[in-house]
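Participant: One structure, as structure tokens, below. Some questions next.
The values are calculated or read from the model by the stated rules, or taken from the named source; none is laboratory data. Just so it is clear, the model here is predicted, and its values are computed rather than measured. Cβ placement follows ideal geometry from the backbone for every residue including glycine, while neighbour counts extend to all protein chains displayed. Surface areas here come from the heavy atoms of the whole protein model, side chains and all, with no ligands, DNA or RNA. Shrake-Rupley method; radii C 1.70, N 1.55, O 1.52, S 1.80 Å.
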Amino acid sequence: MPKKTTVSIIKCDVGSLAGHHTVPKPLLDIGEKRLKEAQKSRLINSHYVFHAGDDLELLMVHNKGENNPKIHELAWNIFQEAAKKAADLKLYGAGQDLLRTAFSGNVRGMGPGVAEMEIEERGSDPMVVFAADKTEPGAFNYPMFKIFGDPTNTAGLVIDPGMMEGFKFEVLDVMENKKVVLKCPEEMYELIALIGTPGRYVVSHVWRARDNLICAATSTTRLSLIAGKYVGKDDPVSIVRAQHGLPALGEIIVPFMHTYFVEGWMRGSHWGPLMPVGLKDSRCTVFDGPPRIVALGFQVSHGKIASDDDDNPLISDLFDDPAFDLARREAVEYAAALRRMGEFEPARLSAETMEYTTLPKVLEKLKGKFVKAES
Ligand code: F6R
Ligand code: MG
Ligand code: MG
């Protein structure tokens, strides 16, 4: 059996500088220090620490497989330590996403978000990791469909015989905790019927139909469902594999050439335009947003992220590119249009979705004031 390689991205909001907008350096330093040690002790082979808005993101490449308790514990301990540092500095929302106190073998269901993919490395294995802030896992539904299901986005679906059999999408119903696999192109309409409701149905994995090659994995946490109350949105992460019989890197990022609307933004309660940004702009500012997404391109190589001679991972900050200026301008314009509407739908999320925010507490107070109206 060839040795397998696992890519894990585990993220958590452990506290932020000046509200909920960015992760300051002392917290990133904790991640870097601890992952460097883990690399030295050979628990992991490679790492990259970054942030998407107020979420600390740990990208790790190793040979331990998915859901490995040691890898998850490593991330959990880093988040605990960073949350403690955040609390010492009185940063905002220290430990926000750490919903459980005792670690029990896996960070899933404990607050942090996880996307993992175990692969047999191909001759060359290009990958993209996406991380978004102020939105939720269903935010990836639209680009996942575009990338793997839409021939007007992905030329390879039309031109590359290696892709003609299409792709299989695993869709998770996060409300009922059920899943279904639908294949494109045959079940494209049914797929869209489901994932057009991103707050409930989330694309969690994608495989190439002809050989079941894993192509994409997305985090699917719903913090409010774990905690039973509003605790912030579940800012999502995703891993997508590229090229050679899979969508090309350019086909994976072209859906972000235009902005599109996602749920989240201020207080997790508004529709907002998703803005692709480079790491330098990965800070949510206006109205706690607009929701932002970063994309990192890298090569998985001999169980690691391909690195330079000093073992620094070679990472390409894909949205740090004028080609995404149009999407950024659109995002700002649409953000301004939505904000003009204040707290009126559709700027604010539907009443059903607001059930998972703090609004019901406000409405509760009015209950006793209602009297029967004449018909
Ligand atoms: C959204 C988010 C922020 C906060 C907002 C209010 O995911 O984290 O928009 O909801 O800044 O935060 P609190 O209630 O902590 O003052
Ligand atoms: Mg926060
Ligand atoms: Mg966040």
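Participant: Which of the numbered conditions does ILE253 fail, given that it passes all the others? Conditions: (1) buried (at least 20 other Cβ atoms within 10 Å of the Cβ); (2) closer than 20 Å to ARG339 by Cβ.
Facilitator: Single failed check for ILE253: (2).
Participant: When the residues of the range 116-154 are narrowed to those that are farther than 30 Å from PRO290 by Cα and open to solvent by 10 Å² or more (accessible area, probe 1.4 Å), which ends up nearest to the chain's Cα centre (by Cα)?
Facilitator: Out of the qualifying residues, it is GLU118.
Participant: Which one of these does PRO69 not meet: (1) under 17 Å from the mean Cα position of the chain (by Cα); (2) surrounded by fewer than 16 Cβ atoms within 10 Å (Cβ to Cβ)?
Facilitator: (1)
Participant: Please determine whether any residue of the range 88-102 is touching a helix residue (DSSP H, G or I) at 6+ places or on another chain (Cβ under 8 Å) and away from ligand 2 (no atom under 16 Å from the Cβ).
Facilitator: Within the range 88-102, not a single residue is touching a helix residue (DSSP H, G or I) at 6+ places or on another chain (Cβ under 8 Å) and away from ligand 2 (no atom under 16 Å from the Cβ).
Participant: Quick check on this structure: which one of GLU57, GLU81, GLU37 is touching a Lys or Arg at 6+ places or on another chain (Cβ under 8 Å), of a type in the set (Asp, Glu), surrounded by fewer than 23 Cβ atoms within 10 Å (Cβ to Cβ) and not in a loop (DSSP other than H, G, I, E, B)?
Facilitator: Matching residue, one of GLU57, GLU81, GLU37: GLU81.
Participant: Condition test on GLU116, is it part of a strand (DSSP E or B) and of a type outside the set (A, V, I, L, M)? Full working, then the answer.
Facilitator: Details: part of a strand (DSSP E or B): yes; of a type outside the set (A, V, I, L, M): yes.
Judged against the criteria, GLU116 is a match.
Participant: Hey, among the residues in the range 169-196 that are open to solvent by 10 Å² or more (accessible area, probe 1.4 Å) and touching a residue at least 40 places away in the same chain (Cβ under 8 Å), which one's nearest to VAL158 (Cα to Cα)?
Facilitator: So, considering only residues that are open to solvent by 10 Å² or more (accessible area, probe 1.4 Å) and touching a residue at least 40 places away in the same chain (Cβ under 8 Å), the one nearest to VAL158 (Cα to Cα) is ILE192.
Participant: Tally time: how many residues in the range 266-310 are of a type in the set (D, E, K, R) and open to solvent by 70 Å² or more (accessible area, probe 1.4 Å)? Please lay out each step first, then the result.
Facilitator: At the first step, the residues of the range 266-310 found to be of a type in the set (D, E, K, R) are 267, 280-281, 283, 288, 292, 304, 308-310.
Subset that is open to solvent by 70 Å² or more (accessible area, probe 1.4 Å): 267, 280, 283, 309-310.
So the answer is 5.
Participant: Tally time: how many residues in the range 1-44 are within 16 Å of ligand 3 (Cβ to nearest atom) and not acidic (Asp, Glu)?
Facilitator: Total satisfying the criteria: 18.
Participant: Determine whether the range 98-110 contains at least one residue that is surrounded by fewer than 16 Cβ atoms within 10 Å (Cβ to Cβ) and within 25 Å of ASN312 (Cβ to Cβ).
Facilitator: No, the range 98-110 contains no residue that is surrounded by fewer than 16 Cβ atoms within 10 Å (Cβ to Cβ) and within 25 Å of ASN312 (Cβ to Cβ).
Participant: Output the strands (runs of 3 or more DSSP E) that fall wholly within the range 255-362 and possess 2 or more residues being among the small types (Gly, Ala, Ser), or say none.
Facilitator: 292-301
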